[in-house]
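Structure record follows, encoded as structure tokens.
The values are calculated or read from the model by the stated rules, or taken from the named source; none is laboratory data. No experiment lies behind these values; they were computed from the predicted model shown. Here Cβ is always computed from backbone atoms with ideal geometry, including for glycine, and neighbour counts include all displayed protein chains. Ligands, DNA and RNA are excluded from the accessible area calculation, which covers all protein heavy atoms including side chains. Shrake-Rupley method; radii C 1.70, N 1.55, O 1.52, S 1.80 Å.
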Amino acid sequence: MTSRKLLSETRRTFPATKVHCQQPSRILIVDVTSPSWTNTCSVLSEALENTLCLACSLTGPCRVPLLSLYLVQNQQECLLPFTQVKENFARIQACISELRSLPREGCFLQGAGGVVQAVQDGLQQFKQYSRHTAAGGSTNSYVEITILTGQSSKEMVKQLEKKLKDVDLMSLRRIEVIEVLKRDFLEPDDVEQCMPAEEPSISDFAILGMDIDVQTIEDNVISLEMLFKLWLHDYGTEREHLHLLLPSGGFSHASAPRITLMCLKCDLQERLLDPALLSGAVDGSIRATDMTSPGQMAAWPATALYKLRVIKALKYEGVCESVLYGLPFIIKPTSCWQLDWDELEINQHSFHALCHSLLERKWMLLARREPQNTSPNWNILVHSYYVIVPSDSATLLVKAVAVRELLLPSTFPALIGEHAESVSGPIERALNSLEVEVAYNPLHVKSNLYKYLKSVLYKPLHRQQAQTKDQRPERHQTKQHQSKAKATVAPLLLAPSPVQALRPAAARTHPKEYEGLRQ
């Protein structure tokens, strides 16, 4: 289906549903005229399928609410009109299968015109969708466009600047141009930039009243997967997520101590996806609502403003890791758009100064979570405590720390210094046979989670197909009987199968704490 035919057909394909989410809709434009499309096609398809199976499996609000996929060959083509990602994995997987079946390189001529036309067509499609869902109260009012190309990103930006001057871009929040290259084609300075990271280094081109992000990455599964996983982060900037309260140190000891507080306004970001939020991986003892309990914080969605009051400083070597629990979260300066520019800048500089001072002193911070509800009905408040750890980057790591009531007794015997050769010899030989790595890199360790989630997402479809097959009339029936049987079965096929609501349980996964990726 070409984009011209799409404009008339998307009116029939848009579902009349509500999308209550601040996450942007996504348009992915894939330029298949790259000279290295053979390799890029397979790694792109795998990375996209892996990320979207996560997005479909996570409970709670959908992190990628709407997705549209365009291909640019000799002309643009829309493989996937705007589709809700959740509960549509079968349709998305069919689209990715079609992507895999495309002809390899050498079949299409290069040129930026098709990419620009796909951008215009995608924006037009989003406007139609927005008008269609406006009556339903949809809050999803903007879109972000990601362009994957093997052409020069700078040339692509020039074409976008030239062709989009007269186009209405009110609903467009951002365009990112990703130049995908083989390692052989990369300059030495670009190799480090292409290493997978949570927030890749990018260049900004301020044109058309908005930013166009330009990035160069390597065409491998991990790099592209990390690029798409950026979609899973919280994009809401309506308000800050966390107030970090520190004593200002300005009171006089001669008078009655009256401590004033300095407030650093911060945002929370997930370091890991919580396995308990993956549908099919929950054993029933943990629910998504449990993440809002007094002893836990949830970084996504940011529905509450947390306040952590720093009460003590701790020596870095004085904290035993056995008393830390729960998922770690990243603290960074807020990017809330409602704050003044000067306040954002001062807040950011203060945050960086705090990180630098903590590193220099080799300190951690012990903080107590302040109650969110100060109602007099709360006669007894249960406090939770957190350890805040600095890092080499301009971020802090926060993790819950045990308190007296939760701590179990643990008395362990002292380690024996000397051992007989008959005991220590086999242990030494076993350890010497192990491969030694300088640091733990989670990118090198796979758990088959993607395969498991895909199998869970496929099961409802396969069961429904099996049920349909069982309900087919026998071949020896007359045509009249067949038509009656079809009339009886048809309403059943249109109704959702109760089997689709079933989710097989699995053993709960315990995530490992990890502060940073070291390549």
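Looking only at the stretch 49-67, count how many residues are hydroxyl-bearing (Ser, Thr, Tyr) and closer than 13 Å to Pro301 by Cα.
1
For the stretch 373-389, how many residues meet the condition of being modelled with pLDDT under 95 and surrounded by 12 or more Cβ atoms within 10 Å (Cβ to Cβ)?
Residues in the stretch 373-389 being modelled with pLDDT under 95 and surrounded by 12 or more Cβ atoms within 10 Å (Cβ to Cβ): 3 in total.
Using the structure shown, decide if Leu397 is aliphatic (A, V, I, L, M) and open to solvent by 60 Å² or more (accessible area, probe 1.4 Å).
Numbers: aliphatic (A, V, I, L, M): yes; open to solvent by 60 Å² or more (accessible area, probe 1.4 Å): no.
Spelling it out, it is not the case that Leu397 is aliphatic (A, V, I, L, M) and open to solvent by 60 Å² or more (accessible area, probe 1.4 Å).
Being in a helix (DSSP H, G or I) and either small (Gly, Ala, Ser) or within 20 Å of Arg63 (Cβ to Cβ) (or both) is true for just one of Ser322, Ser335. Which residue is that?
Testing whether each residue is in a helix (DSSP H, G or I) and either small (Gly, Ala, Ser) or within 20 Å of Arg63 (Cβ to Cβ) (or both) leaves just Ser322.
Quickly run through the stretch 262-296 and pick out the residues that are modelled with pLDDT of 50 or more, of a type in the set (A, V, I, L, M) and closer than 30 Å to Lys451 by Cα.
Leu268, Leu272, Leu273, Ala276, Leu277, Leu278
Scan Ser101, Ser97, Ser68, Ser152 and give me the residue that is at pLDDT 90 or above, hydroxyl-bearing (Ser, Thr, Tyr) and farther than 15 Å from Gln23 by Cβ.
Ser97
Give the residues of the stretch 51-66 that are open to solvent by less than 10 Å² (accessible area, probe 1.4 Å) and part of a helix (DSSP H, G or I), sorted by residue number.
Scanning the stretch 51-66 gives Thr51, Leu52, Cys53, Leu54, Ala55, Ser57.
Taking the stretch 205-228, which residues are modelled with pLDDT under 90 and either closer than 15 Å to Lys158 by Cβ or in contact with a helix residue (DSSP H, G or I) (Cβ under 8 Å, 6 or more places away or on another chain) (or both)?
If the condition is that a residue be modelled with pLDDT under 90 and either closer than 15 Å to Lys158 by Cβ or in contact with a helix residue (DSSP H, G or I) (Cβ under 8 Å, 6 or more places away or on another chain) (or both), then Phe205, Ala206, Ile207, Leu208, Ile212, Asp219 are the ones that fit.
Is it the case, given these coordinates, that Ser357 is assigned to a loop (DSSP other than H, G, I, E, B), of a type outside the set (A, V, I, L, M) and either surrounded by 11 or more Cβ atoms within 10 Å (Cβ to Cβ) or touching a Cys at 6+ places or on another chain (Cβ under 9 Å) (or both)?
no
Return the residue satisfying two criteria in turn: it lies in the stretch 71-90 and is touching an Asp or Glu at 6+ places or on another chain (Cβ under 7 Å) and under 23 Å from Ser223 (Cβ atoms), and of such residues it is surrounded by the most Cβ atoms within 10 Å (Cβ to Cβ).
Val72
Can you spot a residue in the stretch 192-200 that is modelled with pLDDT of 75 or more and either of a type in the set (A, V, I, L, M) or under 28 Å from the mean Cα position of the chain (by Cα) (or both)?
no
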